[in-house]
Amino acid sequence: MERRLPVILPNQRRSGQSVPDVSRPETKLWFYFLGASFINVGCEAIHLGQTELMNHNDRNLDHYSHVLTLIRSYAAKHARRHMVLLDSHVPSGGLVYDGQLLMDFHSFPLRIMEMPDTPQEAILKVGFSDGIYGRSKGGTTPSGWKCEHLPYLVEIDNWGVSKTPGQAKAGGIWIWGYDEITWFAHQSQQYRSNWLRYAWDWVKRTDPNGFLQMPGSRTVRSPRDGMRWYYANKPSPAVPDGLDDEDTIRAVWAADRPSGSVEPTHAGGRYLKVDYPASTATNELQTAVTYTLWLPDGAPRLRGIIVHQHGAGTTASIEGSTAPYDLHWQALAKKWDCALFGSSYHVLNEKTDLTPGGSEHWFDPRRGSEKTFLKALAEFAAQSGHPELETVPWANSDDRCSSP
Amino acid sequence: MTYHDTPSQPLPEMRYVDASAKPSEKHAYAVMTVNSAGLKSEPAAASP
């Protein structure tokens, strides 16, 4: 929404460029016109861009509050669900007007930090640059509920390329000389896959109000090889330049589902859970995994562990995540004073070989799953107060696979 | 319908709250199971 406006301000970030001035009536009319137009064609959420670049003459947010109220009023009458969700980039942590949050959710770049000593490597870190983690402002939302910190999306953002693409130490927020999406697009598929899982888990662990926005389609700037766009799609005649990240994105979302949906089930006993990210070391498990253990009530000393193992592929992996919640298996485990163990290896596809994301990475115990399984048992033993978990016998409940 | 021997998601909450219960009256409750094909079990013994 910030382009082609009649009344402008100098862009504080880029000399010679300009942005709209939201304090001007013409700008507000234009914003209102755009908002109403998007709503008319069926849009239910509108990203407002760099709102904090456009309010240098609106420090009290009177004008933003005015125009956003107008857009929401229009949505209340004309939108499909009589509302519209508005968000924007918020370097300050959020736009709050007299205790009222002006956005329905916040957005910000991930702020990826390069690791100059490890070629092309980059990580996420609290405190790096102006990352939003832990800083999203709270208040009363446009929908009427209150929060201390408004939920937010962090995206793999685009803004251009430095003068030294591909090289470290370009300064500022460049990652190996690129913006975030261009750096990401230049990594291998395996690296991108692992990194998306890493970023998803890191954001979730770091700030419960933060959520990784998966990349879908985004402009990139890469003068060295001419790449102009990142597509997550599988390559096809429609999207020949797709980088094939669809399966990873689907698997990340699917693997995340159980942790939210299984919590309400309480039929006795208690649950413990550990997550291990995929390792990049060749002698360690290269597949992320979630292990869940159910412990029956009233067993002072456990006699064994029923290990419920899933099969190969993504569907089996997802189904496996609920095994420890099965009441029949729990009844059997309780009868014999056993713990019930379930695994969910986060494979990326249906392949049963050693190609990236394939299941052989985990179902061959020599490739790291044995060590990870034993490590989990040690963690569960410590967490549960049942040290015998490290030494009691195992009963494998599924004969399709021989590994843990 | 699934061919896996694990519960489907979302998992049901193993709890029931009778919002219509009246403090001065006795109520009886029984558990019944329904499988994914729709077959229902006999109710378990009711408990007050």
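The values are calculated or read from the model by the stated rules, or taken from the named source; none is laboratory data. Predicted model, so just to flag it, every value in this text is computed and none were measured. Cβ atoms come from the backbone with ideal geometry, glycine included; neighbour counts cover every protein chain shown. SASA here: full protein model, heavy atoms, side chains in, ligands and nucleic acids out. Shrake-Rupley method; radii C 1.70, N 1.55, O 1.52, S 1.80 Å.
Around A:M103, which amide H atoms from residues at least 5 apart in sequence, or from another chain, sit under 5 Å from its own amide H, with H modelled in the peptide plane?
A:L95
In percent, how large is the relative contact order of the range A:293-404, given Cα pairs closer than 8 Å and 6 or more residues apart?
Details: 197 pairs, mean separation 38.5, N = 112.
So the answer I get is 34 percent.
Compute, for chain A, the length of the dipole vector about the Cα centre, with Cβ point charges of +1 (Lys, Arg) and -1 (Asp, Glu) only. Units Debye, rounded to 20. Spell out each step's value before the answer.
On the way: 41 positive and 45 negative charges, 154 e Å.
Around 740 debye, computed over chain A.
Normalised by the residues of chain A, what does the relative contact order come to in percent, with Cα pairs under 8 Å and at least six apart?
Working: 779 pairs, mean separation 35.1, N = 404.
Over chain A, the number comes to 9 percent.
Given contacts defined as C-alpha pairs under 8 Å and at least six residues apart, what's the relative contact order of the range A:78-130, whole-number percent? Let's see the in-between values first.
Numbers: 53 pairs, mean separation 14.2, N = 53.
Contact order relative to length: 27 percent.
Given Cβ point charges of +1 (Lys, Arg) and -1 (Asp, Glu) and nothing else, what value in debye, to the nearest 20, does the dipole of chain B about its Cα centre take? Each step should come with its number before you reach the end.
Numbers: 4 positive and 5 negative charges, 29 e Å.
So the dipole magnitude of chain B works out to roughly 140 debye.
Non-local amide H neighbours of A:N396 (under 5 Å, H modeled in plane, Pro and chain starts lacking H): which ones?
Here A:V307 satisfy the definition.
With θ set to phi - 60°, apply the Karplus curve 6.51 cos²θ - 1.76 cosθ + 1.60 along the range A:175-184 and write out the HN-Hα couplings as whole Hz, x wherever there is a Gly or Pro.
Listing the rounded values in order: 10, 6, x, 10, 6, 5, 6, 5, 4, 4 Hz.
For chain B, what log10 I(q)/I(0) values come out of the Debye formula at q = 0.24, 0.26, 0.29, 0.31 1/Å, with one point per alpha carbon and no solvent?
-1.07, -1.13, -1.21, -1.25
Using per-residue counts of other Cβ atoms within 10 Å, averaged over each peptide, order A:120-131, A:232-243 from highest down. It would help to have the intermediate numbers written out before the result.
Numbers: A:120-131: 15.4, A:232-243: 13.2.
Packing proxy ranking, top to bottom: A:120-131, A:232-243.
What residue among A:T206, A:T118, A:T51 shows peak mean-square fluctuation when chain A is described by a Gaussian network model with Cα springs under 10 Å?
Checking each option, the largest mean-square fluctuation is seen for A:T118.
Sorting check: for A:158-165, A:221-228, A:333-340, A:35-42, which peptide has the highest mean count of neighbouring beta carbons within 10 Å, and how do the rest follow?
Working: A:158-165: 16.4, A:221-228: 12.0, A:333-340: 20.1, A:35-42: 14.1.
My ranking of the peptides, most packed first, is A:333-340, A:158-165, A:35-42, A:221-228.
About its Cα centre, how strong a charge dipole does the range A:176-292 have in debye, to the nearest 20, once Lys and Arg get +1 and Asp and Glu get -1 at the Cβ?
Values: 13 positive and 14 negative charges, 22 e Å.
For this selection, approximately 100 debye.
What accessible area, summed over both chains, is buried at the B-A interface (1.4 Å probe, Å², nearest 100)? Mind dumping the intermediate values first?
On the way: alone 5010 and 19830 Å², together 23590 Å².
What B and A bury together is about 1300 Å².
Scan around A:G134 for amide H atoms under 5 Å from its own, H built in the peptide plane at 1.01 Å from N, and keep only partners 5 or more places away or cross-chain.
Residues meeting the amide H criterion: none.
What accessible area per residue, rounded to a whole number of Å², is obtained for the protein assembly as shown using a probe radius of 1.4 Å? Before the final figure, lay out the partial values.
On the way: 23590 Å² over 452 residues.
I get 52 Å² per residue for this part.
Please list 3J(HN,Hα) in residue order for the range A:81-98, calculated via the Karplus relation 6.51 cos²θ - 1.76 cosθ + 1.60 where θ = phi - 60°; whole Hz, with x for glycine and proline.
Each residue's phi maps through the Karplus curve to give 10, 6, 7, 9, 9, 10, 9, 7, 6, 10, x, 7, x, x, 9, 10, 10, 6 Hz.
With the dipole of the range A:263-396 worked out from charges on the C-beta (+1 for Lys and Arg, -1 for Asp and Glu) around the Cα centre, which of A:Y291, A:C338, A:G313 lies farthest toward the positive end?
The residue sitting most towards the positive pole is A:C338.
Considering only DSSP beta bridges with both partners in the protein assembly as shown, what is the antiparallel share in %, to the nearest 5?
On the way: 29 of 51 bridges.
The antiparallel proportion sits near 55 percent.
For the protein assembly as shown, what size does the Cα cloud have along each of its three principal axes, sorted from largest down, in whole Å?
Largest first, the protein assembly as shown extends 76, 66, 44 Å along its Cα principal axes.
Could you give me the ³J(HN,Hα) list for the range A:143-148, computed from phi with Karplus coefficients 6.51, -1.76, 1.60 and θ = phi - 60°, whole Hz, x at Gly and Pro?
7, x, 8, 10, 8, 7
Quick check: the distance between the Cα centres of the range A:153-180 and the range A:354-382, to the nearest angstrom?
Their Cα centres are 35 Å away from one another.
Multiply the residue separation of A:S37 and A:Q213 by 0.36 nm, subtract the distance between their alpha-carbon atoms, and state the gained length in nm to one decimal.
Working: separation 176, 0.36 × 176 = 63.36 nm, distance 2.51 nm.
Difference between extended and current length: 60.9 nm.
For chain A, what is the mean residue ellipticity at 222 nm derived from helices alone (per DSSP H run of n ≥ 4: -39500 (n - 2.57); sum divided by total residues; nearest 500 deg cm²/dmol)?
Working: 9 runs with 109 residues, N = 404.
Result for chain A, helices only: -8500 deg cm²/dmol.
Please name whichever of A:L302, A:L374, A:G171 sits farthest to the positive end of the charge dipole of chain A, dipole taken about the Cα centre and charges placed at Cβ: Lys and Arg +1, Asp and Glu -1.
Selected residue: A:G171.
Over chain A, with every protein chain in place, what whole percent of the accessible area is carbon and sulfur at 1.4 Å, could you tell me?
Working: 10330 of 19260 Å².
Result for chain A: 54 percent of the exposed heavy-atom area is carbon or sulfur.
Hey, got the average number of other protein chain Cβ atoms within 10 angstrom for residues in A:309-322?
Values: counts 0, 3, 1, 0, 0, 0, 3, 2, 0, 3, 8, 2, 3, 7.
Counting other chains' Cβ atoms within 10 Å and averaging over A:309-322 gives 2.
Ranked from highest to lowest mean number of other Cβ atoms within 10 Å per residue, what is the order of the peptides A:75-84, A:172-181, A:311-320, A:365-374? Write down the numbers at each step before the final one.
Details: A:75-84: 14.2, A:172-181: 22.1, A:311-320: 20.1, A:365-374: 18.0.
Descending packing order for the listed peptides: A:172-181, A:311-320, A:365-374, A:75-84.
Please identify, among A:T140, A:T248, A:T287, the residue showing maximal mean-square fluctuation in a Gaussian network model of chain A using a 10 angstrom Cα cutoff.
Result for chain A, Cα springs under 10 Å: A:T140 fluctuates most.
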